[in-house]
Each structure stands twice: as structure tokens, then as C-alpha cells.
There are 2 protein chains.
Amino acid sequence: MGGQRTILTIAGSDSGGGAGIQADLRTFAALGHYGTSAITALTAQNTTGVQGVHGVPPEFLEQQIHSVLDDIDVHAIKTGMLFDSENTRAVVRALKRHYSEHAMPPLVCDPVCVSTSGASLLAPEALKIMVKELFPLTTLITPNKFEAELLLSRTIGSVEDMVSAAHDLLRDGPRAVLLKGGHITATLADVDRVVRARPEICIMGEGMYGDNMRILAINAPQPENLVVDVLCEASGPITIFARPRIDSSSTHGTGCTLSASLACALANSATMSEAVLSATAYTHVGIVTASQIGAGHGPLNHLHSATQLCIPRRTPGNPYPFTQLLINRSAATWKEYVAHEFVRRLGQGTLAPASFVHFIKQDYHYLKYYARVHGLLAAKSSSFPLIESATQTILNILHEINTHRALCAEFGVSQDELERTEEAIETTAYGCYLMDVGVQGDTTKLLMALLACLLGYGEVGLWLKSEAARADGAVVLEGNPYRRWIEDYSGPQYQGAVRVGLDLIEARAAADPSSPARFNEWCAVWDQCARLEKAFWDMGLKVAG
Amino acid sequence: MGGQRTILTIAGSDSGGGAGIQADLRTFAALGHYGTSAITALTAQNTTGVQGVHGVPPEFLEQQIHSVLDDIDVHAIKTGMLFDSENTRAVVRALKRHYSEHAMPPLVCDPVCVSTSGASLLAPEALKIMVKELFPLTTLITPNKFEAELLLSRTIGSVEDMVSAAHDLLRDGPRAVLLKGGHITATLADVDRVVRARPEICIMGEGMYGDNMRILAINAPQPENLVVDVLCEASGPITIFARPRIDSSSTHGTGCTLSASLACALANSATMSEAVLSATAYTHVGIVTASQIGAGHGPLNHLHSATQLCIPRRTPGNPYPFTQLLINRSAATWKEYVAHEFVRRLGQGTLAPASFVHFIKQDYHYLKYYARVHGLLAAKSSSFPLIESATQTILNILHEINTHRALCAEFGVSQDELERTEEAIETTAYGCYLMDVGVQGDTTKLLMALLACLLGYGEVGLWLKSEAARADGAVVLEGNPYRRWIEDYSGPQYQGAVRVGLDLIEARAAADPSSPARFNEWCAVWDQCARLEKAFWDMGLKVAG
């Protein structure tokens, strides 16, 4: 697909937004490119028709082109409605001045002179100037049936006529001609007949499957009527692009959209047939997926090729947008977890020792699950750094277990008693849930589950520390039987691990932007873990009650 | 975020594309909305300055607004540069005519009269008309420091000044005022001071974390200098929006982008403070992620909120875009798999019986893995239909095993010999690879691995059938010892399963559009399976050699 390019459109303005520079700029944006524009004429227009036209003076049109090209490096240019002779001449003059010394980027000329309804949009003198002065500069012209008929003074009714017309239009100087067949109904039999007569002609497009794709061809409906476009390149090749004909009233701006998307592809150095294949597909899907806007011929859906990101981009001022969103989405559950009564009492030193002892005994069992699930994470990892990170966490948990044993000893719980303690249902639920997420999903989903615990205890540690630091705070350290626990979770080692965890999921979310469906799955896992954490504190409090 | 809305911008045109209706329309598109426009004036402009201005006659400006509003249902309106008194009056006239009987949608007025560089952009008379006639119609006005100073005839230098200025500007009739602080440097201390004096004021924005987000606050850098915007609503609340001040020259069109994104949010029924929060974040990230375009003050990156889809949308004419892409991406490997010499010889009936026997004996072992991995797929599935589909496939494989046994018997291979056959390394590699993908990833990734086999054999079956049907085809059925195998894989039952598989992965890919990273993973799995399939045929041929 290539990177962002800058493209200039020289065309009319359509207030209704469906055609003209508005369609062009939306196409550029939808395909990820930057658009600039020089307006030839303003129209007061909507989906039912054109209510007014205001021509832009030729010298001001020229000035717009100069302003763009004097400053901005442009990778392709397209022209649409040029309005009149004077403005057509102004465009030629401006382009020739800028590209007198170095090569012009690809120039796509949509020779807008007859509208879809057959109405004339350009004076005959202007057409002559376009043919004589602009066509020789162009990489590609994109006439429709009526325009080609006007240019060649003959009627075009069949695919054979289209092939010879596209070829004959090369005489006016463009390096390629794409003759659009939207107004000619063709069948697969018509295309076959043409290709049998001239086997050098290629066929491409929807429903035209490559080798070894019989399973697709047999399962896709064979359309009765086709739209056929014919590409003829001065360098020789002729290609027919075919796709199913569709009934739609959302066709306003089809020609603008096609030439704009052609300019995008050519700006990214596509070959001519690659460009036509991608642009016709883009335009076709735009028609198929359009929803009705306005009472008449509505615009295409230009935005079908892009999708909104679920998670804002990371910036220096906002390094954790994903975690922030996770916490916001489960705000109530998260609060019940990290601001739990168990934690408050622990901070005040008023928590019943029986509650604390029950909690740390169960935490011992929980940590075994937590270590094992990191083993599963290592097993699911596909690179040495990921395997190492999961393994390092297991070592950290084993280290934590030693401190845990010492803490238990302080409260008179022996190693033997720890091992003998029956696992509570809350512990089983949480531990096995982690294991289940690990079995079901990918490593990112598993990380969501594992980090709800890491980050939540980090939050609890920081709250306890900040309260302890306040003169009127709710936390006392002096004489608090749980001081060691508080200092562990607010200390630099644990908080360092929290930061590593934060960076890990943010980097993961940024490198592999999720769809809404996947993001919702992640949120559900996060929320479930927060619920299970809350239940774990609840369990501790219940024992004292 | 809400669905697609239609928005009208009434503003100037910027040929360079960074500001004016071009920035507005790109913002609308980037946020997924449909834009319409009425142009007040054309500018010939680039990132270094304005080279020319061409005013649009007021009656034609009015005509553009009428064309849009007569036909299209508009959910929000924004105004930008109104150019002069006549055009300002024309806008007021047009809006009043359209909304005389029913309520106007949210109207955001960016009172463009002083540029970032301090230059005057609107005649003093025009400003008076805007204040007197347009402001009373507006939902929100968005002046910068200079504009607010001009409107209030006093200087604004501090956050306190901003709060009182925003409040005082309500006197002119807008339902809310957003005073933009881009030209005032503030610190967190300044904001704290204001909020201590007036505790009813809310603070929001980047680096301003909600409750229970200490882990984010402590790990995010505390910016020294802030940009502060003040929102004052006629209904009472005052909110300060803060974010880190950044050094950037990509700020051309910042005001246009902000008011355009505000209109998008209001069109989707956001509250005023939600709208400001999302619009300031959108605009800020646009500046942070911009790449340099032009030699001067370049445009923002409007497209940061969206991403290109990896897989084209499904349409009636193109129901299998994902599978087509998968096959195209691994075209060479896929061809070596489905058009393998083993298959050709089998079709001709010239394949050595020893080759075929070796192949079906190993296939027996392979099918055991294939069934077991579907068990794993069932274990990883999260809904009854998915569990059922995986289980049904196991039953189909068990059925296939029976036919397989019969086929083996035809070639003199007993059930006992089948079981005793040593597993070949190619079989182990393929079977265990499927199992590994199942352990490592999610169900979609596993489906990629499972379907390469299902669809590839489907393709082989169709090729054999189509060749057999041709008079000059390479396949003979009559007297072919492998006829039964050919008829099985080209038959309706197997081909029906192929179609179900195709629909399953296409639906999955459409419901959960993948990031490029994830798509590449899928392609790698697909390609690896095609390689293992090729190795499986190779193994068969080798035996005869």
C-alpha cells in the first residue's frame, strides 16, 4: 500500500460533498494521503442537482496551483471539471511552468465534459484545449462512454468498440487511456469473445480469480451483467477490468472518486494495471457500501477502506492511553477492587489479624497459579525476549514467595500450615480463570488477565503510601502490624514491575491495534479479573465477621 | 463514539489543505463522518502564508448553504472564516431561514478574526455582525486569546483572566464559550491556584488522571508547561482542560481542526465537556504525530485516529476477499501445494500404487491429529455454536476415517497395518505444528491453520473434476485406480464443507478486522501449512522413487 503521499486535485467544488474536490479530498484521506486543491469553479449543488455555478477567475486558479506547487512536494495530480477554456489554459500554463525543468508526477485527467445524465459540462472550445494542450501532459485519461464518443466523434456500444476507442484515444498524447464502461452493459460472454479474438488482452477484476482459486470462483455468484473498463497503455498492453453491475443510486461522484484513487495508487508507484485494479475496487465497494444521503443520487461511502482506532495513539504526554481506557471502562469494578475496605483497614492497622492471615494463606495458593500461568505464557510466546520476560516473572514470584513465607511466619503460620491450608473457592475461581484465559486466547489476552493483578496491587501500594505521607491521611505506618506488606507493594521493586507491565501492554496495543470486537474481549477479561480480586478481599473480611 | 453523522462547514478554502474547509472535511472524514461545505472565500495559500484571496459573492455563499440544507439532514454546523460583513450576514440569513420552524443542530462558531501570528482576518464591522447576529444562534464559540481580547477590549494573560473572560463572553448569547489558551503559558501550579480559589471548577485532560489511576500518574512525565483551555457553559459549569505544551511547527489549521472535531462530537450528542475533551485530545495528537509538509507551518496529522483495513470489505460480488488475499500472498507455495506432481499423476492414474499407499497410511495418522486439534478448537471456543461447529468437524473426520479404511482395504492395507504404520517425519511435523498453533494463539489463528488443509484439498478436488470433464483434460476417471479418492474430494459433501470453511473465516475476518501485525501472523501460518502440505505430497512421491 505504501506510505502517505501528497496529491493535488484541480477541480470544482461540490457543496453537497459527493463530488469535486470534496470527493477527491475524502478519497485521499480515506486512503491515508494528504490532499491539496485548486478550485476551478464553485457549485451550489446537492444530490438532486446543481443549483448554481460560480467560476473562479483563471488568474486566481493559477495562483492556487502556484501556492501549492511552490511549497509542497506533490506526488500525483488529478484534474476534474475545468469549467471553461480560460481555466483549462490556466491549468496547462501553471503545470508547464512548474514542470519545465523536472519531471511532472503522474497526472490523471478525468476529462469531465459530459455528466452521467448526459448533460454537457464543458464548452466545446474548452474541450479542444484540453485535448490539444493537457492530454499530451497526462499519464492517464479516464473518459466515460459519452466523453469518448465526443472525443472520437463516433458511437461506442460494445466491448469491442471500447477496446478500439481506448486505443484510438492514445493518439491525443496520454500515456494511457482508461475508458469507463459504466454506461455500457456487458456480459462475461462479451468479454470472452473479445479475449478469444485478441488473446493478448488480460482480464482482471472481481469475480475474475487467478490460478488455483477454483474454490472461490465456484462459490462466488457469477454475475449476469458486468461493468467493464478498458485500459490501453501506449506501451502496449490492453487490460479489461470487469466487475458485477450493481443497482445503486449512490453514484454521485463516481468518476471523481475513481480518478482520485487512481492518483493515490500512481503516487505510490503502482503500475498502471495495479492502479486501475485497486481504484476500481475501491470505487466499487464505495458504491456497494453507501448509505443514502440526500434525496437524489447520493455520494459513495469513501470511508470503507479505513476504520477508527479503538485506542488513542500514545504520545509523550499520554503514554498509557490503553490502560487508562481499560480502567475507565471498568471504573466501578476497578474502584471496588483497589479501594476495598480490606485495604483501608489494612492501612489503618485495624484489619483483624484473622482476616489478614486467611488472605495471605490463600494468596500463597493463588501465587502458585500465577506462576504456573506465566509458564503457560512462556509456552505461548514466539520470541526469546517474550519467553524471557515470562520466565523472569516466574522467578520474581518465587522470590515473592520467600518474602511471603517470612510474612506468614511473623503471623505464626508455618510453611507446613501454608501447604495444608485448603484452597478457598475464591482462590480456585481466580486461579483457574487465569488458566482458562491462557488456554483460550492469545498472549495479549492472557497479559490482560495477568496485569489486572499486577497493576491493581501497584495502585493499592501507591494509595497506601500517599495516605501514609499525609498528616491527616487514613494510613499509619508506625506500629501498623501490616507495615511490611504495605512497604513491599509501595516499594521500588514492585512499582518497577508495575511500570514494566504498563509499558508492555501499551506497546502491545500500539503494535497490534485491536478491532472493537477484540478490544471488548480484553475489557471483559480485565473487568472479570477486577471482580475476582474484589471477591478475594471480600473473602478476607468475611473470615473476621 | 456513535455512528456516522453529516456536518456542514461554512468557511474559507485553503489550497494548501491544512486549514479551512479542507481541514474541516479531513477531520470529519477521519472521525468517520460525512462533510458538506459552503465556501465563503477562496485563498491561494500554503504553509508559508496566504498569497491571494478571492471572496465568494454573498448570494452564492447563501445558495451553497441552501443547496446543502434543502436536501441533506445535517447534524451539526461549524463556521470558520466568514470573510466580510456581507458574507457574515448571508450566513445568518441562510441559517435563520432554514431553522425558523425547527431547532437548529449544534452550531460551533470559530470566530476567526485574528490569526495565530496576530494578523487581522476579519473587518471590524464584520466582527460586530458576528457578535450581534451569529453568536446568539451558537451552541459554542471558540475564540483564541487575541479574539477574546478583541471581543472584550481587555488583555488576557493568566488562567484567572481566561476564566473570567470565558464567563463574560457568555453575555453575547452563545450557550457555551471555549476560550483557547494556546497563546498563554500556564503551569500546573497556575491551574491548582485557580481551582483552590474556585473548587467548583473541574480539571480534565492529559496528565489529569481520574481516581484510582495513581500508577499512571506516577509513571507519566509531569509537564512543566501546559496549554489550558477554559470551557464556560451558560448552564453553569466551568471546566479547565489541560495538556502538555509541545513545540511544533505543524500547527497550521489547529483552530479549524478543533472546531471541526467539536462539531463531530456534538453531532453525536456528546455533552459539552465530553466534546471538548475528545476534540482537544484529537487535535493535540494531530499536532504531536504530524510529519513535516511544506516549508512553513505545516498541517496537523488528521488521520491519526483511523487506520487502513488490511482486508477489503466483503461485497456480493467479492464474498471471499480475505481468502483471496491469503492465497495471493502465498501464491507460489499455494501453487506448489495444490498443483503438485502427486496430484497430476493421481489424476492421470499414473501414480505408483506404493506412493498412494504410503500417502493414505500417513494421512490416517494425520487425520488423528486433525481431529484432536478440532477438540482443542472446541476447548478454546467461547460460544455453543463455535463448540458445535468444531465438534461437528470431528464427527465428519471420524466419518471420513471410515471411508479411509475402506479405501485402504481396496489397496490391501488392513486396519491393523494402518495402526502399526510408523508415523513419518512429515506427518509429525504437520500434525504437531497444528497442535502448536492451537496452543499458542487464539481460535482465529488456529482456524487459519486448519483451513489451509480443508480448502487446499477442495481446490485439488475441483481441479481434478474440471480436468476430467475436458475432452483434452489431463485427468481420466475411467479405469483410474484413484477414482474414488477423486470423487470424494470433488464431491458435494466435501465441497460443502469447503464452503462452510470459507464463510467461517471470511465472517471472522470481517467481524474482527485485523491489524497488519496480526494479518501477517495469519499469512505466516497459512504459508507454513501450505509448505507442510507440499512436503506431505513430496513424501508420497519419494516412496516410489
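The values are calculated or read from the model by the stated rules, or taken from the named source; none is laboratory data. Predicted model only: the values in this text are computed from it and were never measured. All Cβ positions, even for glycine, are placed from backbone atoms using ideal geometry, and neighbour counts span all protein chains on display. The area values use the complete protein model at the heavy-atom level, side chains included, leaving out ligands, DNA and RNA. Shrake-Rupley method; radii C 1.70, N 1.55, O 1.52, S 1.80 Å.
Details
- Residue list for region B:226-246, restricted to those being open to solvent by less than 20 Å² (accessible area, probe 1.4 Å) and either more than 14 Å from chain A (Cβ to nearest Cβ) or free of Cβ contacts under 8 Å to residues at least 24 places away in the same chain (or both): B:229, B:230, B:231, B:232, B:238, B:239, B:240
- Of the residues examined, residue B:261 is one that is open to solvent by less than 10 Å² (accessible area, probe 1.4 Å), in contact with a Phe, Trp or Tyr (Cβ under 8 Å, 6 or more places away or on another chain) and closer than 28 Å to residue B:239 by Cα.
- When residues of region B:449-497 are limited to those that are within 26 Å of residue B:330 (Cα to Cα) and away from chain A (no Cβ under 14 Å), the one modelled with the lowest pLDDT: B:474
- Complete set of residues in region B:331-341 that are more than 7 Å from every other protein chain (Cβ to nearest Cβ) and buried (at least 21 other Cβ atoms within 10 Å of the Cβ): B:337
- Subset tally (residues that are in a strand (DSSP E or B), of a type in the set (Asp, Glu) and closer than 16 Å to residue A:181 by Cα) for region A:210-235: 1
- Residue match in region B:534-541 (condition: within 14 Å of another protein chain (Cβ to nearest Cβ), within 21 Å of residue B:331 (Cα to Cα), among the aromatic types (Phe, Trp, Tyr) and open to solvent by less than 10 Å² (accessible area, probe 1.4 Å)): no
- Residues in region A:476-504 that are crowded, with 22+ Cβ neighbours inside 10 Å and of a type in the set (Val, Ile, Thr) were compared, and the one that is nearest to residue A:411 (Cα to Cα) is A:486.
- Among the numbered conditions (1) under 24 Å from residue B:482 (Cα atoms); (2) open to solvent by 50 Å² or more (accessible area, probe 1.4 Å); (3) not hydrophobic (A, V, I, L, M, F, W, C), the only one that residue B:404 does not meet is (2).
- Test set (1) of a type in the set (A, V, I, L, M, F, W, C); (2) farther than 24 Å from residue B:298 by Cα; (3) in a loop (DSSP other than H, G, I, E, B) - residue A:74 fails condition number: (2)
- Cross-chain or 6+ apart pairs with Cβ under 6 Å, region B:286-313 first and within 23 Å of residue A:310 (Cβ to Cβ), then basic (Lys, Arg): B:302/B:26; B:304/A:313
- Residue among B:4, B:51 that alone is in contact with a Gly (Cβ under 7 Å, 6 or more places away or on another chain), open to solvent by 10 Å² or more (accessible area, probe 1.4 Å), closer than 28 Å to residue A:5 by Cβ and at the interface with chain A (Cβ under 8 Å from one of its Cβ atoms): B:4
- All positions within region B:54-79 that are among the acidic types (Asp, Glu) and facing chain A (nearest Cβ under 7 Å): B:70, B:71
- Condition met for residue B:253 (open to solvent by 20 Å² or more (accessible area, probe 1.4 Å), within 14 Å of chain A (Cβ to nearest Cβ) and closer than 29 Å to residue B:291 by Cβ): no
- Of note, residue B:509 does not satisfy the criterion of being in contact (Cβ under 8 Å) with a residue 60 or more places away in the chain, touching a helix residue (DSSP H, G or I) at 6+ places or on another chain (Cβ under 7 Å), closer than 21 Å to residue B:435 by Cα and not acidic (Asp, Glu).
- Region B:18-48, residues that are of a type in the set (A, V, I, L, M, F, W, C), touching a Lys or Arg at 6+ places or on another chain (Cβ under 9 Å) and within 7 Å of another protein chain (Cβ to nearest Cβ): B:25, B:29
- Any hit, region B:105-112, residues being more than 7 Å from chain A (Cβ to nearest Cβ), among the hydrophobic types (A, V, I, L, M, F, W, C), open to solvent by 10 Å² or more (accessible area, probe 1.4 Å) and on the phi > 0 side of the Ramachandran plot: no
- Among residues of region A:511-522 being buried (at least 16 other Cβ atoms within 10 Å of the Cβ) and out of contact with any Asp or Glu (no Cβ under 7 Å at 6 or more places or on another chain), the one that is nearest to residue A:359 (Cα to Cα) is A:522.
- Tally, over region A:172-193, of residues that are open to solvent by 10 Å² or more (accessible area, probe 1.4 Å), more than 24 Å from residue A:256 (Cα to Cα) and assigned to a helix (DSSP H, G or I): 5
- Residue check, residue A:64 in contact (Cβ under 8 Å) with a residue 12 or more places away in the chain and touching an Asp or Glu at 6+ places or on another chain (Cβ under 6 Å): no
- Residue within region A:496-507 that is part of a helix (DSSP H, G or I) and closer than 17 Å to residue A:363 by Cβ present: yes
- Boolean, residue B:281 is facing another protein chain (nearest Cβ under 10 Å) and among the small types (Gly, Ala, Ser): yes
- Extreme residue, farthest from the chain's Cα centre (by Cα), among residues of region B:236-246 that are modelled with pLDDT of 95 or more and farther than 11 Å from residue B:177 by Cα: B:240
- Just one of the listed residues (B:328, B:318) is surrounded by 21 or more Cβ atoms within 10 Å (Cβ to Cβ), at the interface with chain A (Cβ under 10 Å from one of its Cβ atoms) and under 30 Å from residue A:247 (Cβ atoms), and it is B:318.
- Set side by side, the residues A:68, A:56, A:50 differ, and just one is over 30 Å from residue A:272 (Cβ atoms) and out of contact with any helix residue (DSSP H, G or I) (no Cβ under 8 Å at 6 or more places or on another chain), which is A:50.
- Qualifying residue in region A:448-465 (condition: without any contact (Cβ under 8 Å) to a residue 60 or more places away in the chain and surrounded by fewer than 17 Cβ atoms within 10 Å (Cβ to Cβ)): no
- Contacts under 8 angstrom Cβ, first residue in region A:430-446 being among the basic types (Lys, Arg), partner open to solvent by 30 Å² or more (accessible area, probe 1.4 Å), 6 or more apart: A:445/A:521
- Within region A:205-225, the only residue that satisfies the criterion of being touching a Gly at 6+ places or on another chain (Cβ under 7 Å) and in contact (Cβ under 8 Å) with a residue 60 or more places away in the chain is A:206.
- Out of B:29, B:41, one residue alone is in contact with a Gly (Cβ under 9 Å, 6 or more places away or on another chain), surrounded by fewer than 24 Cβ atoms within 10 Å (Cβ to Cβ) and either without any contact (Cβ under 8 Å) to a residue 60 or more places away in the chain or assigned to a helix (DSSP H, G or I) (or both). It is B:41.
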